[in-house]
Amino acid sequence: MTHRPLLSLSAALLALLALHPALHAGPLTVSNHSFESVALASPGVGTATGWTPTGTGGVFRPIVGTHVNSIPDGLQVGYIFGSGQMIQNLGVAVQLGVTYQLDVYVGTQINFAGASYLIELLDGGSNVIASASGTRQQTDPFVQITASGIGVGTGNVRVRLSSTGGQPLFDNVRVQTLDPSPGVPEPSTLAFATLGLAAAFAASRHRRIR
């Protein structure tokens, strides 16, 4: 005979799992992360597939030694001029309490000028999960910039790359989630806790019946 308290515990387990979806550490997919699309002849500029620009920005295929000292990944980079920006919706909902990390290589065009940049990880609205900013001098090489923060807000995770002066170059954009925050219980923990309560109740019930 099934006891109603056990059914209630099972229902509670399902509710808890629904409230706390699986939290796994690992990479999130960034479309056209190294700006290899659209493919260009060198030198050349074009549209950055998968990115939504505001102002002047897109894909740039530089000549190594003339425009840049090196290219971190592939043959092309992203560029943004003036006060422009490029945004990408990663199509994955923000997980509250989870640590996110954004890594971007940032450089400049060595035959142009220095540049200032801002990289951000956003929710679907106006909340900033993580950000980093700085300035690269004209002859500086590409350097990896890292920003990390705790998931907040609602909607999907978004990446925003911005120029705050000059023409920064961007490459090899990566996003990952790290280990879930201790304050957010894992579904497996919730399941074991609920099953433990159910077993304890069943044992207690069995002793009373005897």
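Take Leu96 and decide whether it is in contact (Cβ under 8 Å) with a residue 24 or more places away in the chain and not in a strand (DSSP E or B). Taking the combined requirement at face value, the residue satisfies it.
Any residue at all in the stretch 125-134 that is in the same structural domain as Gln76 (by TED's automatic domain parsing), of a type outside the set (Gly, Ala, Ser), crowded, with 16+ Cβ neighbours inside 10 Å and within 11 Å of the chain's Cα centre (by Cα)? Within the stretch 125-134, one or more residues are in the same structural domain as Gln76 (by TED's automatic domain parsing), of a type outside the set (Gly, Ala, Ser), crowded, with 16+ Cβ neighbours inside 10 Å and within 11 Å of the chain's Cα centre (by Cα).
Table: residues versus (1) at pLDDT 95 or above; (2) more than 18 Å from Ala147 (Cβ to Cβ); (3) under 22 Å from the mean Cα position of the chain (by Cα).
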position: His3; (1), (2), (3): no, yes, no
position: Leu14; (1), (2), (3): no, yes, no
position: Val38; (1), (2), (3): yes, yes, no
position: Gly74; (1), (2), (3): yes, yes, yes
position: Asp103; (1), (2), (3): yes, no, yes
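Could you say which residue among Gln138, Gln101, Gln88 is in a loop (DSSP other than H, G, I, E, B) and out of contact with any Asp or Glu (no Cβ under 9 Å at 6 or more places or on another chain)? When all the criteria are applied, what remains is Gln138.
Of all residues in the stretch 24-65, those that are assigned to a strand (DSSP E or B), crowded, with 18+ Cβ neighbours inside 10 Å and either among the small types (Gly, Ala, Ser) or not assigned by TED's automatic domain parsing to the domain that holds Arg158 (or both) total 2.
The values are calculated or read from the model by the stated rules, or taken from the named source; none is laboratory data. Values in this document were obtained by computation on a predicted structure and should not be read as measured data. Cβ coordinates were reconstructed from backbone atoms using ideal geometry, including for glycine residues, and neighbour counts include every protein chain displayed.
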